[in-house]
Amino acid sequence: KSSDIPLEVRAESPWNYYEKSPITFLDLSGEVIIAQEKTSPKKLVGLRTMPKATLTNLQKLRHTNIYFALEAFVANKSTYVVFEEMHLTLEHLVISLAYPSSRQLGTILGQILDGLVYLETENFSHGLLHCKNILVNNRGVVKLGQQEQYRTTSLAIKKKDIGDFGLVTMQLMQKCDPEDGAIRVADPSRWGDHTQAVIQFVSDIPLATSTIELRK
C-alpha cells in the first residue's frame, strides 16, 4: 500500500527532478504548485513549501485518507513537499449545482471519518477541518490535507473536530452553512429511501465524544 511507503527527505532542490507547470492552485489545501517529473512517466504532482517541523507529521501519519506526501526536499533554507496529484476540494463540490446522492454522501463522509479515526488512534486531531482542506481525486478518493495544522489530541480538540465534521456534513447536504448552526437534516425528502439512516447519523454527530464513536 502507498500508505506503508516511508517519506524520503532529500537534501537538494526538487527542481533537479521536477519542472514547474504554469499552473498554481491557491485552493488545494494551501498554495500548490503543479509540477511534472522530468523523466518518464512524467507524472503530475502537487508541490508545496511547508514548515520543516511538518516533516515529522508527514513521516509518521501515512494513511489512505490523508493527503499523501511522496517525498520532501530541504534546500536553501526551504522545505518542499511533493504530494500526489489531487483534483478538487470538497468546496468545489459544495458550490456545484448538483447535490450528492445518499450513497455519494455516505462514501464521502465515511472516508473523512476514516482519516479522522486514524489520526485519533495515533493521538492526533486535525484541528482545522473544513471543505477547503479536504481533497478529492478523480477516482473519488477523499483525503484530509493541511497536515501542518495537525496537533496532539485532547478532549477539546476532539470535540472541535466533531463540530467541524458536522459543519462539513451540512455544507455537503445543504450547499451552505446552517443558518442557526444546528446540525440537522433540513430537507428529509432529498434522501429518499435512506432518509431515516441519514437523520439518525446526523443526529448522532453532536452527541459523539470522538470520531471513533461516530464511525461505529
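If we scan region 56-68, do we find a residue that is in contact (Cβ under 8 Å) with a residue 24 or more places away in the chain, polar (S, T, N, Q) and in contact with an Asp or Glu (Cβ under 7 Å, 6 or more places away or on another chain)?
Checked region 56-68: at least one residue is in contact (Cβ under 8 Å) with a residue 24 or more places away in the chain, polar (S, T, N, Q) and in contact with an Asp or Glu (Cβ under 7 Å, 6 or more places away or on another chain).
In this structure, does Asp177 turn out to be under 25 Å from Thr89 (Cβ atoms), at pLDDT 95 or above and either surrounded by 16 or more Cβ atoms within 10 Å (Cβ to Cβ) or in the same structural domain as Glu120 (by TED's automatic domain parsing) (or both)?
No; evaluated as a whole, the condition is false for this residue.
Hey, among Ile112, Ile205, which residue is part of a helix (DSSP H, G or I), without any contact (Cβ under 8 Å) to a residue 60 or more places away in the chain and either assigned by TED's automatic domain parsing to the domain that holds Lys60 or under 30 Å from Ala53 (Cα atoms) (or both)?
Criteria check complete, one pass: Ile112.
Conditions first: (1) at pLDDT 95 or above; (2) crowded, with 16+ Cβ neighbours inside 10 Å; (3) among the polar types (S, T, N, Q); (4) more than 12 Å from the chain's Cα centre (by Cα). Gln111 passes all but one, so which condition is the exception?
(4)
Among the residues of region 86-105, is any aromatic (Phe, Trp, Tyr), out of contact with any Gly (no Cβ under 7 Å at 6 or more places or on another chain), closer than 26 Å to Gln174 by Cα and not in a helix (DSSP H, G or I)?
Residues of region 86-105 that are aromatic (Phe, Trp, Tyr), as a first pass: 99.
Next, only the ones that are out of contact with any Gly (no Cβ under 7 Å at 6 or more places or on another chain) stay: 99.
Of the ones still in play, those that are also closer than 26 Å to Gln174 by Cα are 99.
From what is left, the residues that are not in a helix (DSSP H, G or I) are 99.
Among the residues of region 86-105, at least one is aromatic (Phe, Trp, Tyr), out of contact with any Gly (no Cβ under 7 Å at 6 or more places or on another chain), closer than 26 Å to Gln174 by Cα and not in a helix (DSSP H, G or I), which makes the answer yes.
If you go through region 69-93, how many residues are surrounded by 16 or more Cβ atoms within 10 Å (Cβ to Cβ), of a type in the set (S, T, N, Q) and in contact (Cβ under 8 Å) with a residue 40 or more places away in the chain?
Counting residues in region 69-93 that are surrounded by 16 or more Cβ atoms within 10 Å (Cβ to Cβ), of a type in the set (S, T, N, Q) and in contact (Cβ under 8 Å) with a residue 40 or more places away in the chain gives 1.
Considering only region 95-105, state which residues are surrounded by 13 or more Cβ atoms within 10 Å (Cβ to Cβ) and more than 20 Å from His130 (Cβ to Cβ). It would help to see each step written out before you state the result.
Going residue by residue through region 95-105, those that are surrounded by 13 or more Cβ atoms within 10 Å (Cβ to Cβ) are 99-102, 104-105.
Of everything in region 95-105, those that are surrounded by 13 or more Cβ atoms within 10 Å (Cβ to Cβ) and more than 20 Å from His130 (Cβ to Cβ) turn out to be Ser101, Ser102.
For region 133-156, what are the residues that are surrounded by fewer than 16 Cβ atoms within 10 Å (Cβ to Cβ), hydrophobic (A, V, I, L, M, F, W, C) and not in a loop (DSSP other than H, G, I, E, B)?
Answer for region 133-156, where residues must be surrounded by fewer than 16 Cβ atoms within 10 Å (Cβ to Cβ), hydrophobic (A, V, I, L, M, F, W, C) and not in a loop (DSSP other than H, G, I, E, B): Leu155, Ala156.
Filter region 45-78 down to residues that are under 13 Å from the mean Cα position of the chain (by Cα) and outside any loop (DSSP other than H, G, I, E, B) and give me whichever is nearest to Arg10 (Cα to Cα).
Among residues in region 45-78 that are under 13 Å from the mean Cα position of the chain (by Cα) and outside any loop (DSSP other than H, G, I, E, B), the one nearest to Arg10 (Cα to Cα) is Ala69.
Would a scan of region 176-183 turn up a residue that is assigned to a helix (DSSP H, G or I) and not hydrophobic (A, V, I, L, M, F, W, C)?
Checking region 176-183: not a single residue is assigned to a helix (DSSP H, G or I) and not hydrophobic (A, V, I, L, M, F, W, C).
Looking at (1) of a type in the set (Ser, Thr, Tyr); (2) at pLDDT 90 or above; (3) under 30 Å from Trp191 (Cα atoms), which is the one condition that is false for Tyr80?
(3)
The values are calculated or read from the model by the stated rules, or taken from the named source; none is laboratory data. Keep in mind that what you see is a predicted model, and the values were worked out from it rather than measured. Because the Cβ atoms are built from the backbone with ideal geometry, glycine has one as well, and the counts that use them run over all protein chains shown.
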